[in-house]
Amino acid sequence: MKNFVNLNVNPCKMCMPMGSITAFYGVSKCMTILHGSQGCATYIRRHMATHFNEPIDVASSSLTEEGAVFGGEKNLIKGLDNLIKLYDPEVIGISTTCLAETIGEDTEGIVARYREARPDLRARIVTVQSAGYAGTQFEGFFRTLRALVEQTEQDATPNGRVNIVTGQISPADTRWLKGFVAAHGIDAIFLPDLSENLDGGHAEVYERLPSGGTPIADVAKMAGARATVELCTFYDEAYSPGAFLNNHFGVPLFRAALPTSLKDVDALAGILVGLGGRQNAAPTTNAKSNVGAACSRPPDAVNRARLRRLDAMVDSHKQNAQARAAVFGEPDFVYATCRLLVENGAMPVVAATGSVCPDFREKLAEVIAEVQGFHLGENPFIADDCDFTQIETAALEQRANVLIGSSDGRRISEKTGIPLVRCAFPIHDHVGGQRVRTLGYEGGLMLLDQVTNAVISGVETTFREELKGRYYHPSDSDHDASSASKVLSFSGQARESSKPRETALQAGDPVKGHPCFCGCEGARAARIHLPVAAGCNIQCGYCVRKYDCVNESRPGVTSGVLTPEAALARYLAARETIENLNVVGIAGPGDALASPAATLETLRLVREADKDVLFCLSTNGLALPEHIDALAALGLTHLTVTVNAVDPKIGARIYQHVDYRGMRLEGEAGAAALLANKFAGLARAKALGMQIKVNTVLLPGVNDAHVPEIMRAVKETGCVLSNIMPMIPVEGSALAHLGKADLAEVDRLRALCEADLPQMRHCAHCRADAAGPLGHDVPLPSALAEGKAS
Amino acid sequence: MDAKDKVLDKYSAKVYKNRKAHILEVGQAPEEQEIAANTRSIPGIMTNRGCCYAGCKGVVIGPLKDTLTIVHGPIGCSYYAWGTRRNKARADEGSFTQYCFSTDLQETDIVFGGEKKLRQAIKEGLELFKPRALMICSTCPVGLIGDDIHAVASETEAEYGIPCIAFSCEGYKGVSQSAGHHIANNGIMRKVIGTGDKIPRVKHSVNLLGEYNIGGDGWETERLLKRVGYDVIAVLTGDGSYEDLTKADRAELNLVQCHRSINYIAEMMKTKFGTDWVKVNFIGIDASIQSLRDVAEYFGDEELKKRTEEVIEDELAEIAEERDYYREKLTGKTAALYVGGSRSHHYQYLLKDFGVKTVLAGHEFAHRDDYEGRRVIPDIKEDADSKNIESITVEPDKERYEDKYTEAEREKLRKVIPLEDYKGIIPDMEAGGVVVDDLNHYETEAFLAELKPDIFLSGVKDKYILQKSGAVSRQLHSYDYSGPYAGFRGAINFARDIAMGIYAPAWKYVTPPWKTEPVLQAAFVNDTPEPETADAADAPKESEVTNA
């Protein structure tokens, strides 16, 4: 996979102010003002409102060019004044943006002066440095929590309470967490508490200043708590509220992962039991108490929920073990979710975060190692600082069957058909983002059930087709119809089948052979072109490549490029509907060997599923010497090479440039390199016993007189069939002005060359995604067109 | 005290003075019918406006589907503009609108400059995606650290032989998205329109300007135009492409849907290529009919006029039954509108088709001419913010300039069709209607309480406040995943969506029964507290009856 270090394509992260605003929403009667250009506030309000389905009110200091040049103090002060006048908040959060940080605003200084000038100021102002370029929403969130604790005068008088610090968990999960902690008899201060402000009820009178959330008076008591429990795995000491309270006030700090997996809910319960709140009622007989002494056990209801969870885990373990999940999102979310997967025997094949997170790889590898013990030979993709392009590539390479994360994964899901379980911020295309449950014995199970069901649906809708494709060979019953037991045979130990293939090939059998090579018009043999090779390595003068390559006649046109997996699926499906589908060809839409990985992988997958089908490939020959042996090893028997000139001088008029091994060759140099490689490749193909066809595009005034010479040259390479095709002038191509060769001229040349080489006269100018007998393309159902790679 | 005064009452003296100028009531003395617009938003008051970048990348450039647009800046700006507007695009020829490209600047890039990263990103983008053209949009920090994106664009053109246009649309420029529209218009005019082959102008051909194909509106409009017999050369820019834009000068007439975001191009094309423009509106049944007739009138072709009437008749017949049904359902309701530049005007026609009266219309980023009509343009004073946005002048193109009509003929046409004219929103509103520029969060709530519209059409930022207040909301930026709303069929989609909102069963449950009706309550004989169970609710007959 190419690592695009400079271009982020489809980001798997947002910016710091987003996290900062979200955190401030967990504080009671708090309003936030973004110091910067007003677009930041507008964009973030829009994204949060869409996820939470709640009004999101964020003010802006609305800096314009003047503010950017002369400083934004005036605007920020005006903004604070207006915010206070209209909303009278108890807390004001000021989060800075890229603009404020780039011009070096001294926000704290401005606030100090502001306080001084307004001695009757009631609102507590908390400032956060949250430049968008300095981190993601994950960092913005924790920086804000830290700022809240640090910038609130703390009362360290012991109050017997417990601080619970979380990352961005859903309002519904927050409500669960509050209940869970309370059930342990613990009086807690939650920072933040998103439960109400981001998931409120229908109220006729809209509460302009959100009163849910943690009162700032409670934040001021955090230093007097008897402990802090921080539910965060990838913490940064400098931005950890728990670390601050521990360092400055000696509040003991416990850390735990987000309680999604059974073991992590257990761990949290263990901490809470250890902190010993009110002791619970009568012990149950079947409750397993493995945490602490017998007197400190989790409450009854908690125990019952745990047992239900365990019961469900046993019930669905068979399905879960088939899950190959790609998990993406904030580091803590990915960590907690992977812990859930592995304890259920599911394989996290991709674990990725958009944040820069140095110990992500190591910690995730540790988590996944648990399940690698019983999944053979897995090598999961784990990475931080990822974009969705990398995640998509990894998910395909790792054959993921479920995606888990935010709704931003929907584009991959649409493209690849891998189902997406939406369970993290943001969820923009579905409702219910605010009600997502992933925490606790029940919440973790709700997530697990969704994953399990996604896997079940996947199996349910595809397994018949897949099994049939893999194990059922119609020819078995053809050969021995009486023996029903022979209908199913495992392809791994399939019958020796090279014989019929050879026979068909040599005899040019119109039914079993290759529709191009058998030379019979109206042949019943069918072929399918799998459009997997997008790129091209040369520029022909008659070809305009925009997205599709119209390289070589009108081949090159396709309605979409497929991934190798999707191509396999298309082949397997096509085999069911098209009679005598003997040939799988790769003909672009670019050059088959300009994307050798996609081409070879496709052929490998098809060969795995079908030992008998003939392989054919069409190329300009530039990369042929490098790959011809690999192609032969996969069983390629039919090769088409385009030869439009055997003289570099003429070639130079046809090829604008040739990209070879990182160099762009133009003019005769390019044509010569192309020519040399073509013939080297053809020679090797002959030695390997391949059936070779040569295509020649007839370019009036350029190579028409040269055609007989081409024929003689290619004949020597072992070519068995020639296909002279008139150029199709394509608007905007360099040679479009030549116009289309007159058909009589084509016929004349074919007749002239017939003496040297048999001529193909039934060419149908196939598209790169054609399927069916020549000239009778079968429209594949649209479902088969899924999985486009571009 | 009228609604306007009540709303303003809460403000401090300074803010009062400022905001008063942005609000007017239609039908008062003529001297009060002037509105302040396109000035800075007040800090701290939640404006719904976006930034310059949003107007350039998000609105105008973003929909070009064959173009790879790299956002040069920190990740957020690019992320937040990713799929944010529902400008649909057919993907059959490939489309980059599903993608989001960013240089993802980091702290070190801000310190040491980001040009190198941008160059590299361009190289990577071109290698992988092979677009028709490349655009670079800059964001706040890029403008401040002084990366020369225009130089990078020129280098890119020279090195890769691909058109590359840079837009200095930093978020802090101007006072709203409007600045970004202007910057995008300038770039497109300068470098794209009129660079294609100079084919002869096609008879009865048009461009559709300021149609962003939200929810498929552009497709429905195109369908109508093509049905009559027009050739649509380019759409700016919904489901549009760079390729089409290069040929836009080959059209005979520009149809301007969204005046605010695209009038610069309409004006400049008039000067440079002689292309006339008319203001159209395909939102609303009667409006669509009028626009179709105006366009036919412009071409003056009798057959075309006849064909226009046939199409109108046929389209009307198709929707007749539904139109009557929804009209009956909606007549007498009132609506408030708060959208960007032109929708607050256009949708009044559509609402009127169904008997709904508009009581408030707000614009996010309009200029005075959008409210009062183009006649006020000479009187608009430039301020420091508008001066910062480059205004380019173009000259007639010697090769490509063509006049369809003489000035005398145009003068005649002006009397019957809105040729090069837009009368603005105010003349179309009934007396007593309120017009607000840059309506903010507080005012939305306050006007809602004062005017109590049944329907409030705006965006996602206000949607949930409105719904909590019991108003039917519909997002006119995204159509709440519905649409199209344009043309005849679109009008029915819209009416159905509004009726569905008004008659949603959920509203019936807003007030719980124990607040309105005598409710049967169960009293338990013993003291054991029991949870609320079905038994308690089902056994009222034996219980005492109390008024809750």
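Derivation of every value follows stated rules applied to the coordinates shown; laboratory data play no part. No experiment lies behind these values; they were computed from the predicted model shown. Please note: Cβ atoms are built from the backbone with ideal geometry, for glycine as well, and neighbour counts cover all protein chains shown.
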| query | Counting Lys +1, Arg +1, Asp -1, Glu -1, what net charge surrounds A:GLY109 among other residues with beta carbon under 12 Å of its beta carbon? | reply | -3
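What pairs from A:LYS415/B:LYS130; B:LYS57/B:LYS468; A:LYS13/A:LYS415 go past 23 Å between their alpha carbons?
Values: A:LYS415/B:LYS130 19 Å; B:LYS57/B:LYS468 33 Å; A:LYS13/A:LYS415 20 Å.
Violating the 23 Å limit, Cα to Cα: B:LYS57/B:LYS468.
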| query | If you add up the charges near A:SER240, with Lys and Arg at +1 and Asp and Glu at -1, over every other residue whose beta carbon is less than 12 angstrom from its beta carbon, what do you get? | reply | -2
| note | 1/(1 + (r/R0)^6) with r = Cβ-Cβ of B:ALA317 and B:THR516, R0 = 45 Å, i.e. FRET efficiency to nearest 0.05, evaluates to 0.50
| task | Could you calculate the FRET efficiency of A:GLU207 with B:ASP148 from 1/(1 + (r/R0)^6), where r is the beta carbon distance between them and R0 is 60 Å, rounded to 0.05? | result | 0.80
| Could you give the distance between the Cα centres of region A:574-618 and region A:683-758, to the whole Å? | 24
| If you place +1 on the Cβ of every Lys and Arg, -1 on the Cβ of every Asp and Glu, and leave all else neutral, what size is the dipole of the protein assembly as shown about its Cα centre, to the nearest 20 Debye? | 1460
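In peptide A:94-100, what is the residue-averaged number of other protein chain Cβ atoms found within 10 Å of each Cβ?
4
Taking neighbour Cβ counts within 10 Å as the exposure measure, how do A:MET313, B:MET135 sort from fewest upward?
On the way: A:MET313 17, B:MET135 27.
Ranked by crowding around the Cβ, least crowded first: A:MET313, B:MET135.
Quick check on chain A: of the DSSP beta bridges with both residues there, what percent are antiparallel, nearest 5%?
Numbers: 13 of 81 bridges.
Restricted to chain A, the bridges split so that about 15 percent are antiparallel.
Peptides A:535-543, B:468-476: what's the order by average Cβ count within 10 Å, highest mean first?
Numbers: A:535-543: 22.3, B:468-476: 20.3.
Ranking, from highest mean packing down: A:535-543, B:468-476.
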| note | So the FRET efficiency between A:ASP747 and A:ALA630, C-beta based with R0 = 35 Å and rounded to 0.05, is 0.35
| query | What average count of beta carbons from other chains do you get within 10 Å of the Cβ of residues in B:168-180? | reply | 4
| field | Cα centroid separation - region B:131-182 against region A:158-231, whole Å | value | 45
| message | If I model a spin label as a point 7 Å beyond the Cα along the Cα-Cβ vector, how far apart are those points for B:ARG293 and A:HIS737 in nm? | response | 5.1
| request: Figure the gain on full extension for B:THR334 and B:GLU302 (residue separation times 0.36 nm, minus the Cα-Cα span) and round it to one decimal in nm. | output: 7.5 nm
| said: Going by average Cβ density within 10 Å per residue, which order do the peptides A:599-606, A:626-633, B:427-434 take, highest to lowest? | reply: A:599-606, A:626-633, B:427-434
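Give me the number: length gained by fully extending A:LYS649 to A:LEU376, i.e. 0.36 nm times residue separation minus the C-alpha to C-alpha distance, one decimal in nm.
Working: separation 273, 0.36 × 273 = 98.28 nm, distance 5.62 nm.
Going from the current span to full extension adds 92.7 nm.
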| query | Taking 0.36 nm per intervening residue step and subtracting the Cα-Cα distance, what contour gain separates A:VAL314 from A:VAL730 on full extension? | reply | 143.5 nm
| query | What lysines sit close enough to B:LYS6 to cross-link, taking a C-alpha to C-alpha distance under 21 Å and skipping anything fewer than 8 places away on the same chain? | reply | A:LYS85, B:LYS14, B:LYS17, B:LYS20, B:LYS452
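Take every residue in peptide B:62-73, count the Cβ atoms of other chains within 10 Å of its Cβ, and give the average of those counts.
Numbers: counts 0, 0, 0, 0, 2, 0, 2, 0, 4, 1, 0, 3.
The per-residue average across the peptide is 1.
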| query | Could you give the nm distance between label points at A:ALA321 and B:GLU107, where each point is 7 Å from its Cα heading toward the beta carbon? | reply | 4.8
| query | Which of B:PHE447, A:PRO648, A:VAL334 sits closest to the plus end of the dipole of the protein assembly as shown, meaning its Cα is farthest towards the positive end, when Lys and Arg get +1 and Asp and Glu get -1 on the C-beta? | reply | A:PRO648
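On alpha carbon coordinates alone, what is the Rg over Rh value for the protein assembly as shown, Rh being the Kirkwood radius? Before the final figure, lay out the partial values.
On the way: Rg = 34.4 Å, Rh = 34.5 Å.
Expressed as Rg/Rh, it is 1.00.
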| So, with +1 on the Cβ of K and R and -1 on the Cβ of D and E, and no other charges, what is the size of the charge dipole of chain A about its Cα centre, to the nearest 20 debye? | 1000
